[in-house]
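The values are calculated or read from the model by the stated rules, or taken from the named source; none is laboratory data. What you see is a predicted model; the values in this text were computed from it and never measured. All Cβ positions, glycine included, derive from the backbone under ideal geometry; neighbour counts span all protein chains shown.
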């Protein structure tokens, strides 16, 4: 099923209409509840699953989605404004298709799409819960809130085309999206300034990470060891770590996948992603731990889910990453 929509600036309304959602308003929030026949998975107040949008300022939409479809849906954005879409995917069978590019699966993590007026398709698979939190900022928002503050190095939309996974798929950005998720889902009315501040924080973190890479490159380190073929094999290693971060393969096993020696793999991995293999695994564990704070799980269960046998060691690692204990972090979200 294909949906053509010219309503991109209206957030999730096009997809919601296609799914047969009933729209409700709660202050500034637009809540689209799925029909009752989707109740076999969800048991909360919005039992059929739902999509939620809020529009803090012109050119900026913050969205949360938690639903499941019984047959695959291909959602086509027909007319898209200039802008950047940043999406934190917690779970779901989601594939993005851009003209002239290979289809890419949106795995758990943070993803970026730079819109330049092209049509884009999202394919949502059946019988798999879909959870995401996203922000869309159009060019007019960037002009009003970002460029005027970037005096030394003005930010342009085209700059986002150069962003790489290591710039935005980071633990600190996961925390921002978790905070956004709780703000969107919460009962309290949240000031528009809060959402605008979070959007600027997202962009500031990414731009900071881009600058870090530039400094790294200036020192002649970045990509010194990674030729094209080698970096392709290193991405296979990254994919394996993404799937098995809670119990990662040994470096020797990863070297076999990469078709290179252990020492060379370590150098190439850091050249490609800016961190060591061990640090990358640690980041993935901490990102997933932050996401699991929204679930009804004990700290011991969360620790085990991300590969820690000892809750105490997990708490120490978590505090070192986020500056607070897991319990303090969980309290800060509510």
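The set of residues in region 297-306 being in a helix (DSSP H, G or I) and either assigned by TED's automatic domain parsing to the domain that holds residue 176 or surrounded by fewer than 22 Cβ atoms within 10 Å (Cβ to Cβ) (or both) consists of 299, 300, 301, 304, 305.
Here residue 189 fulfils each of the conditions (1) modelled with pLDDT under 90; (2) farther than 30 Å from residue 139 by Cβ apart from (2). Does residue 200 satisfy being assigned by TED's automatic domain parsing to the domain that holds residue 170, surrounded by fewer than 16 Cβ atoms within 10 Å (Cβ to Cβ), in contact with a helix residue (DSSP H, G or I) (Cβ under 8 Å, 6 or more places away or on another chain) and at pLDDT 90 or above? Yes; evaluated as a whole, the condition is true for this residue. If residue 24 meets every condition in (1) modelled with pLDDT under 85; (2) touching a strand residue (DSSP E or B) at 6+ places or on another chain (Cβ under 6 Å) apart from one, which number is that one? With (1) modelled with pLDDT under 85; (2) touching a strand residue (DSSP E or B) at 6+ places or on another chain (Cβ under 6 Å) applied to residue 24, the lone miss is (1). With respect to residue 148, is the statement that it is outside any loop (DSSP other than H, G, I, E, B) and either at pLDDT below 85 or under 26 Å from residue 283 (Cβ atoms) (or both) true? Spelling it out, residue 148 is indeed outside any loop (DSSP other than H, G, I, E, B) and either at pLDDT below 85 or under 26 Å from residue 283 (Cβ atoms) (or both).
Considering only residues of region 91-105 that are surrounded by 14 or more Cβ atoms within 10 Å (Cβ to Cβ) and within 26 Å of residue 161 (Cβ to Cβ), which is modelled with the lowest pLDDT? Restricting to residues being surrounded by 14 or more Cβ atoms within 10 Å (Cβ to Cβ) and within 26 Å of residue 161 (Cβ to Cβ), the top hit is 98.
For every residue, the table says whether it meets (1) buried (at least 19 other Cβ atoms within 10 Å of the Cβ); (2) not in a loop (DSSP other than H, G, I, E, B).
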residue: 290; (1), (2): yes, yes
residue: 295; (1), (2): no, no
residue: 308; (1), (2): yes, no
residue: 312; (1), (2): no, yes
residue: 316; (1), (2): no, yes
residue: 324; (1), (2): no, no
residue: 327; (1), (2): no, yes
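As a summary of the residue check, residue 55 satisfies the conditions (1) at pLDDT below 90; (2) surrounded by 13 or more Cβ atoms within 10 Å (Cβ to Cβ) except for the one numbered (1).
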